[in-house]
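Quick notes on the structure that follows.
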Amino acid sequence: MTKMEETSNTKHSGQMNSSCNSLAELHTIINVIPKDKKEEKSNFIGLSASEFTGLTSSATVFISLFVALFTVIKYSKDHKHQLNLLQREKDKEDILKAKEKIEKFYGPLNAYLEESRVIYEHFANDEKKHLKKQGEYFRTLRYLTNKPESKTKGIDRFKLHDQELLNHILNISDRIIKLIEENSGYIDNSALHPLLGKLAAHYRIIKSASEGKLTDQAEHLENIVFPLEINGAINSEIYKLTKIINNSKEATVLTNKTIDFYNKNHLDYYLQTSNSSDMKFTYDIVREFVPNGSKILDAGCGVGRDTKYFIQHGFKVVSFDASKNMVEMCNEYPFACCEHLSFEIIKYPPVFDLVWACASLLHLNETEFQSALTKLHRSLKPSGILYFSLKSKVDKSKSKGRDFFQHDFQRVKTILESNLSMTHIKSWSTVSSISGAEIFENYIFRK
Ligand SMILES: C[S@@+](CC[C@H](N)C(=O)[O-])C[C@H]1O[C@@H](n2cnc3c(N)ncnc32)[C@H](O)[C@@H]1O
């Protein structure tokens, strides 16, 4: 080894020695530093590698969750929007269908029936009066088929004036039969088919009888009568279709302990009150003041005993009740059109000839009672009739958890005569058909 090499080696080994020393020192230092401080040293933002990894994976999870949540929210919004669009499309389609049903079938049928009814009112007046005096009703079919003392047959039995009217009625009936035959596809309510069948049968028999072809065994044809229910049935269908066209939504009806009672006891109530013969006395009195075929609002209709009675007797009825279960029971009669509404929220236009509120206003307190009478008054046509019945005394022990309120005649008169300018027509008392003891006060006022 040359001197130079030796020197250089020495230098080098000197350096080596000093480096080895430093490493040893460093090692010692590292061993002295606590473990976490050691890691702190190994990253650039003051976090250890594992902390940094943890942080980034948390951030990744967080971002993924956020993206997922955002996607779910957006999806559900899109889904809702899609459902809304579908619903709107369906509503539009339903509206068009409803309009078509009215335009092609129910509207013309209603108009023809009304046309025929108006002419019939003026037909055979002398015969009608004559029979009325004897306590009987005039029946066209009986008159045409069953008049043994007369030599003439069919329509010739009437004087010329009535023959002309009958010819118009027969003409309209031909158009009705044609309409039914061609457009019965528009009928959704299956109970209407047999009713329209009865109507067509009646028209056909009247036609044959007017041609003098049915003179033998006429008594067997007696029951092929005009089905009075048809007026109310067609009116109810048109009312339901109009609600679809107006896109009417179900109203929110607030409940209370009285309504809860009726919701729970609708079946018992049905068994106790559904017999309309209990009401004959009252029906007869009220019907004296309203023409046949009029429009009636059955307010607080319960299970629909009176709705059914009036429709079966040729009236057109809209009804409402605050108890959902009562409304369902009322609508079990296929020609009813009962709405779930309360006195507090009704807004009927002035289209009714009679408002019938049998034993329903008695559940309203003083303020509610006055407000309900004002709304019922508004729903009447000019000269329309308001009938209602109230308890003459409230016996809390018989209330079964319902609220009953007493409104005496003086108060009733103040509201209806002084405030609403109605005229008192008649009052009378009846005994409850349920308890057989409680007295009800019945009132008729005219707008
Ligand atoms: C005693 S029942 C009479 C039902 C029917 N009118 C009859 O004569 O059988 C009373 C009816 O009034 C209804 N009613 C009570 N409070 C009402 C309110 N605020 N609005 C509408 N109907 C109500 C009840 O749901 C119940 O059907």
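The values are calculated or read from the model by the stated rules, or taken from the named source; none is laboratory data. Quantities reported herein were computed from a predicted structural model and do not represent experimental measurements. So basically every Cβ, Gly included, is an ideal-geometry build from the backbone, and we count neighbours across all protein chains shown. Heavy atoms of the whole protein, side chains included, go into the accessibility calculation; ligands, DNA and RNA do not. Shrake-Rupley method; radii C 1.70, N 1.55, O 1.52, S 1.80 Å.
Every test in (1) closer than 30 Å to E89 by Cα; (2) assigned to a helix (DSSP H, G or I); (3) open to solvent by 70 Å² or more (accessible area, probe 1.4 Å) is passed by T252 save one, and that test is (2).
Within the stretch 348-380, track down each residue that is of a type in the set (S, T, N, Q) and either over 21 Å from the mean Cα position of the chain (by Cα) or away from the ligand (no atom under 13 Å from the Cβ) (or both).
First, the residues of the stretch 348-380 that are of a type in the set (S, T, N, Q): 360, 365, 367, 370-371, 374, 379.
Those that are of a type in the set (S, T, N, Q) and either over 21 Å from the mean Cα position of the chain (by Cα) or away from the ligand (no atom under 13 Å from the Cβ) (or both): N365, T367, Q370, S371, T374, S379.
Residues in the stretch 258-267 that are at pLDDT 95 or above and either open to solvent by 80 Å² or more (accessible area, probe 1.4 Å) or among the acidic types (D, E) (or both): 2 in all.
Restricted to the stretch 216-227, and to residues there that are open to solvent by 40 Å² or more (accessible area, probe 1.4 Å) and touching a helix residue (DSSP H, G or I) at 6+ places or on another chain (Cβ under 6 Å), the residue that is farthest from S173 (Cα to Cα) is I224.
For the stretch 299-315: of the residues being in contact (Cβ under 8 Å) with a residue 60 or more places away in the chain and under 22 Å from E250 (Cα atoms), which is farthest from the ligand (Cβ to nearest atom)? In this case the residue turns out to be A299.
Between L373, L380, which is closer than 25 Å to F261 by Cβ and in contact (Cβ under 8 Å) with a residue 24 or more places away in the chain?
L373
Restricting attention to the stretch 70-93 and to residues that are open to solvent by less than 100 Å² (accessible area, probe 1.4 Å) and of a type in the set (A, V, I, L, M, F, W, C), the residue that is nearest to N246 (Cα to Cα) turns out to be L85. Within the option set Y270, Y239, being modelled with pLDDT under 95 and of a type in the set (F, W, Y) holds for one residue only, Y270.
Of all the residues in the stretch 221-257, those that are polar (S, T, N, Q), more than 29 Å from H313 (Cβ to Cβ) and within 13 Å of the chain's Cα centre (by Cα) number 2.
If you go through the stretch 187-200, how many residues are open to solvent by 50 Å² or more (accessible area, probe 1.4 Å) and not small (G, A, S)? Before you say what the answer is, go through the steps one by one.
As a first pass, look at the stretch 187-200 and keep what is open to solvent by 50 Å² or more (accessible area, probe 1.4 Å): 188, 190, 193-194, 198.
Retained after the next criterion (residues that are not small (G, A, S)): 188, 193-194, 198.
So the answer is 4.
Among the residues of the stretch 388-427, just one is of a type in the set (K, R), assigned to a loop (DSSP other than H, G, I, E, B), under 20 Å from D260 (Cα atoms) and out of contact with any Phe, Trp or Tyr (no Cβ under 6 Å at 6 or more places or on another chain), namely K400.
Within the stretch 309-326, the set of residues being open to solvent by 10 Å² or more (accessible area, probe 1.4 Å), touching a Gly at 6+ places or on another chain (Cβ under 9 Å) and not in a strand (DSSP E or B) comprises Q312, H313, A322. The set of residues from the stretch 137-186 being surrounded by 16 or more Cβ atoms within 10 Å (Cβ to Cβ) and acidic (D, E) comprises just one member, D162.
So that you can scan it fast, the table gives a plain yes or no per residue for (1) modelled with pLDDT under 95; (2) not hydrophobic (A, V, I, L, M, F, W, C):
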{"site": "Q134", "(1), (2)": "yes, yes"}
{"site": "Y137", "(1), (2)": "yes, yes"}
{"site": "R142", "(1), (2)": "yes, yes"}
{"site": "I172", "(1), (2)": "no, no"}
{"site": "N189", "(1), (2)": "no, yes"}
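So, in the stretch 268-294, exactly how many residues are within 13 Å of the ligand (Cβ to nearest atom), among the small types (G, A, S) and either within 30 Å of S383 (Cβ to Cβ) or open to solvent by 70 Å² or more (accessible area, probe 1.4 Å) (or both)? Give the derivation first.
So the first thing to find is which residues in the stretch 268-294 are within 13 Å of the ligand (Cβ to nearest atom), and the list is 268-276, 278-279, 282-283, 286.
With among the small types (G, A, S) added as a condition, the list becomes 274, 276.
Okay, now just the ones that are also either within 30 Å of S383 (Cβ to Cβ) or open to solvent by 70 Å² or more (accessible area, probe 1.4 Å) (or both), so 276.
Looking only at that region, the number is 1.
Checked against (1) in contact with an Asp or Glu (Cβ under 7 Å, 6 or more places away or on another chain); (2) farther than 20 Å from P108 by Cα; (3) in a helix (DSSP H, G or I), L195 passes all but condition (2). All told, D321 meets the bar of being near the ligand (Cβ under 10 Å from one of its atoms), within 26 Å of E368 (Cα to Cα) and touching a Leu at 6+ places or on another chain (Cβ under 8 Å).
Looking at the stretch 116-136 only, could you name the residues that are on the phi > 0 side of the Ramachandran plot and surrounded by fewer than 12 Cβ atoms within 10 Å (Cβ to Cβ)? Talk me through it step by step, then tell me what you get.
Of the stretch 116-136, the ones on the phi > 0 side of the Ramachandran plot are 124, 135.
The one that is on the phi > 0 side of the Ramachandran plot and surrounded by fewer than 12 Cβ atoms within 10 Å (Cβ to Cβ): G135.
Based on this model, can you work out whether E339 counts as within 14 Å of the ligand (Cβ to nearest atom), farther than 16 Å from Y387 by Cβ and not in a loop (DSSP other than H, G, I, E, B)?
yes
Residues of the stretch 381-408 being more than 13 Å from the ligand (Cβ to nearest atom), in contact with a strand residue (DSSP E or B) (Cβ under 7 Å, 6 or more places away or on another chain) and of a type outside the set (D, E, K, R), which ones? Passing the criteria: S383, G384, I385, L386, S392, Q406, H407.
Just name the residue that is least open to solvent (accessible area, probe 1.4 Å) out of those in the stretch 391-403 that are in contact (Cβ under 8 Å) with a residue 40 or more places away in the chain and more than 26 Å from the chain's Cα centre (by Cα). So that I can check it myself, show each step before the final result.
Our first condition is that a residue be in contact (Cβ under 8 Å) with a residue 40 or more places away in the chain; within the stretch 391-403, this holds for 391-393, 395, 398, 400-403.
Filter once more, so that each one left must be more than 26 Å from the chain's Cα centre (by Cα): 391-393, 395, 398, 400-401.
Working: K391: 13, S392: 37, K393: 153, D395: 57, K398: 92, K400: 130, G401: 47 Å².
So, considering only residues that are in contact (Cβ under 8 Å) with a residue 40 or more places away in the chain and more than 26 Å from the chain's Cα centre (by Cα), the one least open to solvent (accessible area, probe 1.4 Å) is K391.
Collect the residues in the stretch 428-447 that are surrounded by fewer than 14 Cβ atoms within 10 Å (Cβ to Cβ) and either over 32 Å from the mean Cα position of the chain (by Cα) or assigned to a strand (DSSP E or B) (or both), keeping them in residue-number order. Answer for the stretch 428-447, where residues must be surrounded by fewer than 14 Cβ atoms within 10 Å (Cβ to Cβ) and either over 32 Å from the mean Cα position of the chain (by Cα) or assigned to a strand (DSSP E or B) (or both): W428, S429, V431, G436, A437, I439.
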